[in-house]
Amino acid sequence: MHRVVLVLAVCAAFLSACATESSPAWRPAQPAGKPVFITLQVERHLNKYYSTVGAGRSGAFAVSEKGHVGFYAYCQAFSCRDEVSFTREALRGCEVRAHSPCVILAVGRTVRHRYMTYRQAEAEGLL
């Protein structure tokens, strides 16, 4: 019996590691408006950002207008409160890597610009 449970646990861990989409532990509320479409890789990066700032840190996440590049900046200490510098740093880092304009997607754990993955947009007939 214990072997069956162990095998099932290993299979579940393997399947979750092979999943194509990552999702945060919680779903952030999104504002209304036209979404920016992001790649699955950017979504994974965004979820890593949410995990990082979920520990009480301040930060900002920027994404290129085409959704192929994402960059975030955050406070490594718990006492930082200057969100303006994080948004500037996230935008600058994103624009340098994307070679194009970027938008702020999230500040802290608050979504500032609506987004969805290209896969979600295709499934909903938006592409």
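Rule-based calculations on the coordinates, nothing more; no lab input. Note that the structure is predicted; figures quoted are calculated from it, not measured. Cβ sites come from the backbone with ideal geometry, for glycine too, and all protein chains shown count toward neighbours.
Figures for the structure shown
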quantity	calculated
Approximate spin-label separation Ala121-Leu40, in nm, with each point projected 7 Å along Cα-to-Cβ	1.7
Zone residues, segment 93-127, relative to His68, backbone N less than 20 Å from point 7 Å out along Cα-to-Cβ	93-105, 115-122, 127
Cα-based shape type of segment 22-123, given that a ≥ b ≥ c are square roots of the gyration tensor eigenvalues and the cut on a/c is 1.5	oblate
